[in-house]
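Here is the structure we will look at, set down as structure tokens.
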Amino acid sequence: MTKNHKIVTCTGYYGTGSSAVTNILQEFNNIKCAGDYEVRFVMDPKGVSDLEYFLIENPNRHNSSHALKEFIRYTDFLNGIGSFNKYKKYFNNQFDSLTKRYINDLTEIKYGGFWHYDVYDKGKIYLFFNRLYNKFKKIYTKILFKKSYPKLSFFGIEANAYCPTTDEKVFLDSTVKYTNSLLEAAGLDENYEYICIDQIVPPSNIKRYSRYFEDIKVVIVERDPRDIFIHDTKIWTQSLVPKNVEKFCEWYKWTRAIPINDANNNVLKIQFEDLIYNYEESIYSIGNFLNIDLDKHHVDKMKVFKPDVSIKNTEVWMKFPEEIEHIKYIERELEAYCYDFNRAKSLASKRMVNDNDSNY
């Protein structure tokens, strides 16, 4: 990756509207946005963060080896199994080769060997046929040869065992090299100062995940819980939050209670609604956070993210009067998170009256 490239990623807590910031960043001539597909191999289970735990923080001859094999299995899946081949396309058919190089960089010793988890990982179907094969072999051997036989595996065990690095510096250096190479593979142009990738880190424990990249800034987008609840229960087809309003409020509190943990001031929190009702100040905050000259680089203002269109996605609960009791419950339980629309609209009206024709 070019020395001056920086990463900016937009993230949220599900349904909070992080893609709105991604859309805004597409309007800058010095930011390359690599699409709105979520690249999650760093933070997901069996991803890079799990690798660090099992290799560096809690190494063990079996667990470390197994963690590396789980990472291999997971990245094989991400690269393309069946119709799922997003990573293969996203990284221009280089995800597999660069991942293998990364695994090689982390590996000190590789040898043929297995333990019971290699059998366990094959699943119940394998175990069923393995037992069936052994019973057949036992009967067959006794009848024909009048002797017992050593217990065998139906498919055979051809497992690899790994002794990976336990050195934190080696791990982090190899990981930064890996992520840099992947960004290069994605076809990112050197003329851009920033690279925008959607949700490559979560909105929590950011200090940990930031170490996996050469230079990264994170924009966390928050949203009114009333709109999230109504969108999820009434509009979106794939529900990922509790339908029960009491459990929804508990879930909302739980997710927000997890510390962001940013020690390097590389995080900006943005309210989705402010992008609409307080647009100019929000854009200024983003530009200031990224140290970008707005007059010079925000060349396609409101051409991708259009506040007058996105405003239709606010206060959606008003369209569902039958949900009024649920909305009142959310307002009681999550008062601190509910956006003050009346105040925002009042301030927006005053700004229009006092508009001094300033761009920002």
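Laboratory data are not the source of any read-out in this text; all were calculated from the coordinates shown. These numbers were taken from a predicted model, which means no experiment stands behind them. Virtual Cβ from ideal backbone geometry, glycine too; neighbours counted across all protein chains shown.
Where does each of Lys169, Lys89 land when they are ranked from fewest to most other beta-carbon atoms within 10 angstrom?
Details: Lys169 9, Lys89 13.
Placing the least packed residue first, the sequence is Lys169, Lys89.
Modelled this way, with points 7 Å down the Cα-to-C-beta line, the labels at Thr237 and Lys303 are 3.2 nm from one another. Residues whose amide H falls under 5 Å from that of Ile7, counting only those 5 or more places apart or on a different chain, are Ile195, Asp215, Ile216, Lys217, with hydrogens built in the peptide plane.
Can you check what the net charge comes to around Ala344, using other residues whose Cβ is under 9 Å from the Cβ of Ala344 (Lys, Arg +1; Asp, Glu -1)? Could the numbers behind the result be given before it?
Values: positive: Arg343, Lys345; negative: Glu273, Asp274, Asp340.
Net charge in that neighbourhood comes out at -1.
Length available on full extension from Asn191 to Glu335: 0.36 nm per residue minus the Cα-Cα distance, which gives 47.3 nm. Each label was represented as a point 7 Å from its Cα along the Cα-to-Cβ direction; for Ile324 and Ile139 these points are 7.2 nm apart. Evaluated at q = 0.17, 0.21 Å⁻¹, the base-10 log of the normalised Debye intensity for the range 234-328, with identical point scatterers placed on the Cα atoms, takes the values -1.04, -1.18. Within the same chain, lysines fewer than 8 places from Lys303 are excluded, and of the rest, those with a Cα less than 22 Å from its Cα are Lys32, Lys312. Taking a sphere under 12 Å around the Cβ of Phe171 and counting the other residues whose Cβ falls inside, with K and R at +1 and D and E at -1, yields a net charge of -4.
Which of the residue pairs Lys217/Lys247; Lys6/Lys269; Lys110/Lys169 have a Cα-Cα distance greater than 25 Å in the structure shown? Cα-Cα > 25 Å for Lys217/Lys247; rest within.
Excluding same-chain neighbours fewer than eight residues apart, the aspartates and glutamates reachable from Lys234 by a Cα-Cα span under 17 Å are Asp224, Glu246, Glu315, Glu322, Glu323, Glu325.
Based on the Kirkwood radius over alpha-carbon pairs, what value in µm²/s does the Stokes-Einstein equation return for the translational diffusion coefficient of the range 50-112 at 4 °C and 1.567 mPa s?
Details: Rh = 12.6 Å.
So the translational diffusion coefficient is about 103 µm²/s.
Residues whose amide H falls under 5 Å from that of Ile270, counting only those 5 or more places apart or on a different chain, are Ile220, Val221, Glu222, with hydrogens built in the peptide plane.
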